[in-house]
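Presented below is the structure to which this report refers.
The values are calculated or read from the model by the stated rules, or taken from the named source; none is laboratory data. Note that the structure is a prediction, hence the values are computed from the model and not measured. We place every Cβ from the backbone using ideal geometry, glycine too, and count neighbours over all the protein chains shown.
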Amino acid sequence: MLQRFLDPAVLHSISGLDLVAKTVVDGFVAGLHRSPDFGFSQEFAEYRAYNEGDDLRHVDWNVFARTDRLYLRRFRGETNTLLTILLDASNSMQFGSHGVSKMDYARYLAASLFYLAVHGQRDAAGLITFDDEIRNYIRPSTRQGQLHRLLAGLEQAEARARTDFAKPMRYFQEFLKRRGIVLIVSDFWESPESIVRNIEPLRFHGNEVVLFHVLDPEDVRPALKHPSILVDLETNNEMEVTPDYTKREYRDKINAHLADLRDRTQSAGMGYYLLMTDRPLDAALREYLTLRGGRK
């Protein structure tokens, strides 16, 4: 039942990233608490009685409704972890074969991670959107209204131009003052060697770096029934392909690309997660909590 709240197709029917993020995280946390191998309860479930002058934003109103007593949620290990999400907003992210584009999915994912970081963990969170240029930079912060700024930044992100990892990574390093967690959300349509070469320097500064590789099912297994002309969304180059090509040669190429990117990323000490746009978001949220827990 809870899984449906993490289903991209269900999220697509919800208006507003704030509600999407709350729906995902509430469902995710409820699922963790019900799971027999739940390992993160120390992050959420410690309480103390309310004292005059305490911040009312930390009151658990659900407990108040049941007991008529005021309790504040406390978060162990509040280390003010620094989270920055780099979101690929290039043209290829527009593609979607089932109603949810890669850009939609990336927004849902980033919004949910921000909600979990800001509301659940009290972390400083920031956003960079890029293609072949930096399109927006919201500096990581814990100040009031930061979640609203981050969600507005995601809403405003427009898929355009081509991907270029070199410039965004250089730009990010210039503003990187503290070590933290860096999550890069992209479809990574570039050579694995180039991707890792441009991203790897972030790791040298002591950051935890994870690539969230967002792909549509038809990026991996195209459902082609007749010979067709395919157009590259970033270069407008055209290529005539046949069903036989997609079942054999293309399948071998995409499998090799995925394996090469995964192996190079892991060899460089970075994390790699393949996320299909028809699958729930819980794996990515689990990864964030694991990374955050490891930084304490």
Problem - Among the residues listed as LYS247, LYS167, the single one being at pLDDT below 95, in the same structural domain as LEU154 (by TED's automatic domain parsing) and farther than 18 Å from ILE128 by Cα - result: LYS247
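Name the single residue, out of those in the stretch 131-164 being hydrophobic (A, V, I, L, M, F, W, C) and in a strand (DSSP E or B), that is modelled with the highest pLDDT.
Residues of the stretch 131-164 hydrophobic (A, V, I, L, M, F, W, C): 134, 138, 147, 150-152, 154, 157, 159, 161.
Next, from what is left, pick out any that are in a strand (DSSP E or B): 134, 138.
Numbers: ILE134: 89, ILE138: 95.
Ranking the qualifying residues of the stretch 131-164, first place goes to ILE138.
Among the residues of the stretch 122-130, is there at least one that is under 16 Å from the mean Cα position of the chain (by Cα), assigned to a loop (DSSP other than H, G, I, E, B) and not basic (Lys, Arg)? Reasoning before the result, please.
Looking only at the stretch 122-130, we keep the residues that are under 16 Å from the mean Cα position of the chain (by Cα), and these are 123-130.
From what's left, assigned to a loop (DSSP other than H, G, I, E, B): 123.
Keeping just the survivors that are not basic (Lys, Arg) gives 123.
Yes: the stretch 122-130 contains one or more residues that are under 16 Å from the mean Cα position of the chain (by Cα), assigned to a loop (DSSP other than H, G, I, E, B) and not basic (Lys, Arg).
Out of all the residues in the stretch 117-165, which are of a type in the set (S, T, N, Q) and either surrounded by fewer than 18 Cβ atoms within 10 Å (Cβ to Cβ) or more than 21 Å from LYS102 (Cβ to Cβ) (or both)? Reasoning before the result, please.
Within the stretch 117-165, the subset of a type in the set (S, T, N, Q) is 121, 129, 136, 141-142, 144, 146, 156, 163.
Answer for the stretch 117-165, where residues must be of a type in the set (S, T, N, Q) and either surrounded by fewer than 18 Cβ atoms within 10 Å (Cβ to Cβ) or more than 21 Å from LYS102 (Cβ to Cβ) (or both): GLN121, ASN136, SER141, THR142, GLN144, GLN146, GLN156.
Only one of these is more than 17 Å from the chain's Cα centre (by Cα), among the polar types (S, T, N, Q) and modelled with pLDDT under 95: THR23, THR79. Name it. Steps first, please.
Values: THR23 fails: more than 17 Å from the chain's Cα centre (by Cα).
From the options THR23, THR79, the qualifying one is THR79.
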Problem - Unique residue being farther than 28 Å from PHE28 by Cβ and acidic (Asp, Glu) when the list is GLU193, GLU208 - result: GLU193
Exercise for the section: Considering only the stretch 268-285, state which residues are outside any strand (DSSP E or B) and either outside the structural domain of SER101 (by TED's automatic domain parsing) or in contact (Cβ under 8 Å) with a residue 12 or more places away in the chain (or both). Expected result: ALA268, GLY269, MET270, THR277, ASP278, ARG279, PRO280, LEU281, ASP282, ALA284, LEU285
Practice task
Exactly one condition in (1) farther than 24 Å from ARG279 by Cβ; (2) touching a residue at least 40 places away in the same chain (Cβ under 8 Å); (3) among the aliphatic types (A, V, I, L, M) is not met by ALA166; state its number.
Solution key: (2)
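Residues that are touching a Pro at 6+ places or on another chain (Cβ under 6 Å) and of a type in the set (S, T, N, Q): does the stretch 250-258 have at least one? Reasoning before the result, please.
Taking the stretch 250-258 and keeping what is touching a Pro at 6+ places or on another chain (Cβ under 6 Å), we get none.
Looking through the stretch 250-258, none of the residues is touching a Pro at 6+ places or on another chain (Cβ under 6 Å) and of a type in the set (S, T, N, Q).
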Problem - Top-ranked residue in the stretch 174-200 [being at pLDDT below 90 and in a helix (DSSP H, G or I); ranked as surrounded by the most Cβ atoms within 10 Å (Cβ to Cβ)] - result: PHE175
Exercise for the section: Identify, by number, the condition in (1) aromatic (Phe, Trp, Tyr); (2) touching a Ser or Thr at 6+ places or on another chain (Cβ under 9 Å); (3) at pLDDT below 70 that PHE95 doesn't meet. Expected result: (3)
Completion exercise
Scanning the stretch 202-242 for residues that are in contact with a strand residue (DSSP E or B) (Cβ under 8 Å, 6 or more places away or on another chain) and loosely packed, with under 13 Cβ neighbours inside 10 Å, the one nearest to ALA9 (Cα to Cα) turns out to be VAL231
